[in-house]
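Undergrad: Following this message is one structure expressed as structure tokens.
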């Protein structure tokens, strides 16, 4: 639990595992209410168009905003706590009163009830059945789909679930297509990425967390054509969104590209002072990329809104790194 809180607090999680798209049922398919959505804890019926939406999933607000609604409250990644819980790609879409920023760990049920929501979205979230039952007593609550891990819902599935809840399925499909097309265009424009390896890594507590392709950050790499280096892939059991790598194991991070999430001064100083890491060929060869806060955020969110932002900033750096190889 402490590790999850740490990674959630510094740059939170967004984890792994694919899931089938939720299937619209009844009137939902026609864009009318009521709409019923299946999820890991059963099913939830949204009786009418929601006006007071609370998003507890750390990236759920992006899809809500992209679909034209502004949540009354949201849970965002901790590194955006001072900017309304939203990245720069989403802030311009806020209409009216800015959303209240909620805690990023356990939901404050009293605070949420006081917001008088008529829909609670917890798709990119990790609450359990007991918390779900309490949330559902406040307002219709939609959790992640069955078959996914906490913080582990793929972008397309998340967007479609939220679009269904807002009776905007066609708009949701357009958002999914736009994000996927942005990745496809980047891959087509950079054939040198094919067959290359790369890892996104977070330094913490004197070691490193390497993100798997299930996590948002790992998904960005995979969507651009990069695979995990063999040593990292061998440790990926599919049950977690990251892999612990001790200082003595950093050699397994070697590849064509290494994305080091060390935009904060203390983290960067620790990385620069690691003599073993400095000898890993991907680092020694100048192919380690340290993205700025917002680029890191765009990778972490990997939402229908943040994808173009991430691509615009990362692809040129990846191209340079690959060329150095």
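Undergrad: So what is the calculated 222 nm ellipticity per residue for the chain, using -39500 (n - 2.57) for each DSSP H run with n of 4 or more, over all residues, to the nearest 500 deg cm²/dmol?
TA: Value at 222 nm, helices only, nearest 500: -10500 deg cm²/dmol.
Undergrad: Restricting to Cα pairs below 8 Å that are 6+ residues apart, what does the relative contact order work out to for the chain? Please round to a whole percent.
TA: RCO, the chain: 20 percent.
Undergrad: Something else: How far apart, in nm, are the 7 Å Cα→Cβ label points at residue 279 and residue 109?
TA: Computed distance between label sites residue 279 and residue 109 equals 5.4 nm.
Undergrad: Right, another one. Report the full-extension gain for the segment residue 222 to residue 134: residue separation times 0.36 nm, less the Cα-Cα distance, to one decimal in nm.
TA: 28.0 nm
Undergrad: Quick check on the chain: of the DSSP beta bridges with both residues there, what percent are antiparallel, nearest 5%?
TA: Taking every DSSP beta bridge with both residues in the chain, the antiparallel ones total about 45 percent.
Undergrad: Can you quote the Å³ per residue value for the convex hull of the Cα atoms in the range 225-325, rounded to an integer?
TA: 112 Å³
Undergrad: Considering the chain as a Gaussian network with a 10 Å cut-off on Cα pairs, which listed residue, 125, 262, 136, attains the greatest mean-square fluctuation?
TA: Evaluated over the chain, the most mobile residue of the options is 136.
Undergrad: Could I ask something else about it? What are the principal axis extents of the Cα atoms in the range 175-259, in Å, biggest first?
TA: 39, 26, 20
Undergrad: What does the extension gain come out to for residue 234 and residue 51, with contour length at 0.36 nm per residue minus their alpha carbon separation?
TA: So the chain would gain 61.2 nm between residue 234 and residue 51.
Undergrad: If I model a spin label at residue 272 and residue 312 as a point 7 Å from the Cα along the Cα→Cβ vector, what separation in nanometres do I get?
TA: Taking the simple label geometry, residue 272 and residue 312 are separated by 2.9 nm.
Undergrad: By counting other Cβ atoms within 10 Å of each Cβ, how are 70, 237, 212, 55 ranked from fewest to most?
TA: Neighbour counts put them in this order, fewest first: 237, 70, 212, 55.
Undergrad: Enumerate the whole-percent occupancy of each 10 Å bin, from 0 to the last occupied one, for all C-alpha pair distances of the chain.
TA: P(r) for the chain, in whole percents per bin: 6, 28, 34, 21, 9, 2, 0.
Undergrad: Order of 124, 69 from fewest to most other C-beta atoms within 10 Å?
TA: Arranged by neighbour count, lowest to highest, 124, 69 become 69, 124.
Undergrad: Please build a GNM for the chain, connecting alpha carbons under 10 Å apart, and tell me which residue among 165, 194, 266 fluctuates the most.
TA: 266
Undergrad: If you don't mind, another one. Report the Cα centroid-to-centroid distance between the range 300-325 and the range 99-167 in angstrom, as an integer.
TA: The range 300-325 and the range 99-167 have Cα centres separated by 29 Å.
Undergrad: Please build a GNM for the chain, connecting alpha carbons under 10 Å apart, and tell me which residue among 304, 201, 250 fluctuates the most.
TA: In this elastic network of the chain, the residue with the biggest mean-square fluctuation among 304, 201, 250 is 250.
Undergrad: Residue 95 to residue 174: FRET efficiency via 1/(1 + (r/R0)^6), r the Cβ-Cβ distance, R0 30 Å, to the nearest 0.05?
TA: 0.95
Undergrad: Between residue 324 and residue 116, what is the label-to-label distance in nm when each label sits 7 Å out along the Cα-to-Cβ direction?
TA: Here the answer is 5.6 nm between the modelled labels.
Any read-out appearing in this document is the output of simple, stated calculations on the displayed coordinates, not a laboratory observation. It should be emphasised that the depicted structure is a prediction, and the values quoted were computed from it without experimental measurement. When we count neighbours, we look across all protein chains shown, and the Cβ atoms used for this are built from the backbone with ideal geometry, even at glycine.
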